[in-house]
Amino acid sequence: AKEAGRGTHAFFEDSMTLQLKQEMDIARELSQAIKQDELLIHYQPQFDLQEGRLVGMEALVRWRHPSRGLLYPGDFIAVAEKRGLIRGLSDWVLTDACRQSRAWAEQGLDFGRIAVNLCAHQVGDLAFGDRILEILRDTGALPGHLELEFTETVLIEATAQTQSDIVRLSELGVHFAIDDFGTGFSSLQYLRKFRTDKIKIDREFVKDVILDAGDAEIVKATIALGTALGLITVAEGVETEEQADFLRRHGCRQAQGYLYARPIPASDVEQRWLRLTSP
Ligand code: C2E
Ligand code: CA
Ligand code: CA
Ligand code: CA
C-alpha cells in the first residue's frame, strides 16, 4: 500500500512537472509567435434576429503553431495571462482587427462593427483609454466601427479611471458589450453605473434553452432586463433554428453561433457576408 501510495505521489509530481513544463514552453513560444506573425484572427459574424442582416462580427484569436497546428484561445490565453504576455497579445489583436476595419471601410464594405475581447489586465491598466485611442489613430480605424467586450467581473473591479475612459470612448462612438452575461458575480449595480451598449447572453444558457425550463427563464429575464435598460441583447452560441425562434419570440435582438457562421478568416467573411455600403 505504501509503495502504491508513493507511486501515485510520484506520478502526480511528474504530471505537475509536465504541466508546468508545457506551460513554460507555451509561454516561451507565444512571445515569439507575437513577433513572428503566427497569430491570426477569425471573425464570427453576428446577425439581427428580426431582419437577418449582418450587424458585425467578433474577433477571435488563433495561433498557427509551427508544429502543433492551429491552436484556440483555450490553449493559450490563460497561460498568456499568467505569464505576463496578455498585454502584447491583446495589443496585437486590437491592432490587427483595427487594420482590418480600416481596410474594409476603405473598400466601402458594410461590416458593421468588429468586436474585440478584452481581459481584466487591459481594462485595469491606467493607460487603457489612451492605448485604444492610440491604436485607432495609428490604424486609421473609426471608433464607430469598434466594439469592446469584457466580462462583468472586469466591470465590478473597475476603477473611476476605467469608468471615465469608457465614457470617453463611448462619446467617440466605441460600443461596449458585457460578455458571458450571467456567469460572473452578477451585481446589477454596474449596469446602471457603466454606459454599456450590449449584453451577450452566454452560450451556457442558450445551449439548453429549449430543454431546460430554468435556462429558458434566465434567458427570458436577461432579455427583459436588457430591453428595459435600453441595451441590445445578443445571444451567443446559437446552433439550432429552435433556439433562434425562441430568442426571436422573446425579443432578443441579435445572435451569433454555428447556425449562422463559424469563426472564419476575414477573406471568407468578405466573400460570403459583406456587401458595399449603400450610398
Ligand atoms: P467568448 O468571448 O465567449 O467567445 C465565443 C466562443 O464560442 C468562441 O470560442 C467561439 O468560437 C465559440 N462559439 C461561437 N459560436 C458557437 C456555437 O454555436 N457553438 C459552440 N459550441 N461554440 C461557439 P473560441 O474562439 O475558442 O474562444 C474562446 C474564448 O477565448 C472566448 O470566449 C474569449 O473569452 C477568449 N478570446 C478569444 N479571442 C480573444 C482575444 O483576442 N483576447 C482575449 N483576451 N480573449 C479572447
Ligand atoms: Ca466574447
Ligand atoms: Ca461566452
Ligand atoms: Ca468570454
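Per DSSP helix of 4 or more residues, -39500 (n - 2.57); summed, then divided by the residues of the chain. What does that give at 222 nm, rounded to the nearest 500?
Numbers: 12 runs with 142 residues, N = 279.
Value at 222 nm, helices only: -15500 deg cm²/dmol.
State the antiparallel share, in %, of DSSP beta bridges confined to the chain, rounding to the nearest 5. Please report the intermediate quantities before stating the final value.
Working: 17 of 39 bridges.
Bridges in the chain are about 45 percent antiparallel.
If you take the square roots of the eigenvalues of the alpha-carbon gyration tensor of the range 103-240 and sort them as a ≥ b ≥ c, do you get rounded (a/c under 1.5), prolate (a/b over b/c) or oblate? Write down the numbers at each step before the final one.
Working: a/c = 2.28, a/b = 1.43, b/c = 1.59.
Oblate, because a/c is 1.5 or more while a/b does not exceed b/c.
Taking only Cα atoms, what is the 0 to 90° angle, nearest 10, from helix 128-139's long axis to the longest principal axis of the chain?
Around 70 degrees separate the two axes.
Note the per residue figure in Å³ for the convex hull of the C-alpha positions in the chain.
Once divided by residue count, the hull of the chain is 172 Å³.
Every number here is computed from the coordinates shown, using simple stated rules; none is lab data. Everything numeric in this text was worked out from a predicted model, so none of it was measured.
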